[in-house]
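The values are calculated or read from the model by the stated rules, or taken from the named source; none is laboratory data. Not measured: the values here are computed from a predicted model. No Cβ is skipped: glycine too gets one built from the backbone with ideal geometry, and neighbour counts run over all protein chains shown.
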Amino acid sequence: MMSKKNEEKVVVITGASSGLGAATARHLAANGAIVVLAARRADRIQALAEELGGDEKAIAVETDVTDLQQVQRLVDTAVERYGRVDVMINNAGLMQQSPLEACKVDEWDNMIDVNIKGVLYGIAAVLPQMKKQKSGHIINVSSVAGHKVTPSGSVYCATKHAVRAISEGLRSEVKPYNMRTTIISPGAVDTELPSHITHEQSHAGINEYYQQVAIAPESFARAVAFAMEQPEDVDINEILFRPTKQEL
């Protein structure tokens, strides 16, 4: 069971339509948190919000994290509805693995826009509110790929390294505002992430690997809950976890 310290916390989650985001929303809501669900797939997050109890406990806000105005609207909606934002989880992500020689420049741009700019836009949208509150917790999702660089993963790994660098800079800057920051770096977790890969050889290799070792997205949700539930004077700055079977 999650600590009651997370009860009634207002938590904004990007990338909430599936995978890590949806699992985290369910886990936190089951233990009393209020969740604000963001994703491009409005039908999915609306259904999830209804599943989790509707307006009093969950709302859905269609959001493309590559558009700063939409991310700002997301945070503003949360504040208008619930009066504050306690936790911002910048979870939306895209993994399009391919060798650099494949020159999939559009996919490089996609990953930079979602994985880096999406995190920055989440920070930009919520930071003024958390400064005003003199409290808040920003959780940014990196990856094992933010610690290691793998063949065919150069750009994806670069974006996830960037998330860690941005998060560490944020951590050092927000101390005057009683804020906390956490980087969560998962290994192979069973989500839709590999489905975004269009390079056939990379797609086949990663799918086979995930089938062998990937763990459930609830593993990520528990990591989020652990970071959130610590006493206010404890700042869990990074969690790196893998499936027990994962050697990479």
Show the residue pairs that are 6+ apart or on different chains and have beta-carbon atoms under 8 Å apart, the first residue being within the stretch 141-164 and under 13 Å from Leu94 (Cα atoms), the second being of a type in the set (Lys, Arg) and part of a helix (DSSP H, G or I). Ser142/Lys160; Ser142/Arg164; Ser143/Lys160; Ala145/Lys160
Going through the stretch 36-77 in order, the residues found to be farther than 22 Å from Asn115 by Cβ, outside any loop (DSSP other than H, G, I, E, B) and either among the charged types (D, E, K, R) or under 18 Å from the mean Cα position of the chain (by Cα) (or both) are Asp43, Leu48, Ala49, Glu50, Glu51, Asp55, Glu56, Ala58, Ile59, Ala60, Asp76
What is the one condition in (1) out of contact with any Ser or Thr (no Cβ under 8 Å at 6 or more places or on another chain); (2) over 26 Å from Ser167 (Cα atoms); (3) touching a residue at least 12 places away in the same chain (Cβ under 8 Å) that Glu101 does not satisfy? (3)
It is to be established whether one or more residues within the stretch 127-137 are among the basic types (Lys, Arg) and over 20 Å from Arg84 (Cβ atoms). no
Gly83 vs. criteria in contact with a strand residue (DSSP E or B) (Cβ under 9 Å, 6 or more places away or on another chain) and loosely packed, with under 14 Cβ neighbours inside 10 Å: yes
Tabulated pairs, the stretch 189-209, first of a type in the set (A, V, I, L, M), second surrounded by 14 or more Cβ atoms within 10 Å (Cβ to Cβ) and part of a helix (DSSP H, G or I), C-beta under 8 angstrom, 6+ apart or interchain: Val189/Gly19; Val189/Leu20; Val189/Ser219; Val189/Phe220; Leu193/Gly19; Ile197/His203; Ile197/Ile206; Ile206/Pro194
The lone exception for Ala23 - which of (1) in contact with a Pro (Cβ under 7 Å, 6 or more places away or on another chain); (2) closer than 22 Å to Tyr121 by Cα it fails: (2)
Mind listing whichever residues of the stretch 102-125 are of a type in the set (Gly, Ala, Ser) and over 17 Å from His196 (Cβ atoms)? Gly122, Ala124, Ala125
Do you know which residues across the stretch 19-33 are surrounded by fewer than 24 Cβ atoms within 10 Å (Cβ to Cβ) and either in contact with an Asp or Glu (Cβ under 8 Å, 6 or more places away or on another chain) or not small (Gly, Ala, Ser) (or both)? Gly19, Ala23, Arg26, His27, Asn31, Gly32
Taking the stretch 129-161 and the residues there that are of a type in the set (S, T, N, Q) and at pLDDT 95 or above, the one that is farthest from Tyr210 (Cα to Cα) would be Gln133
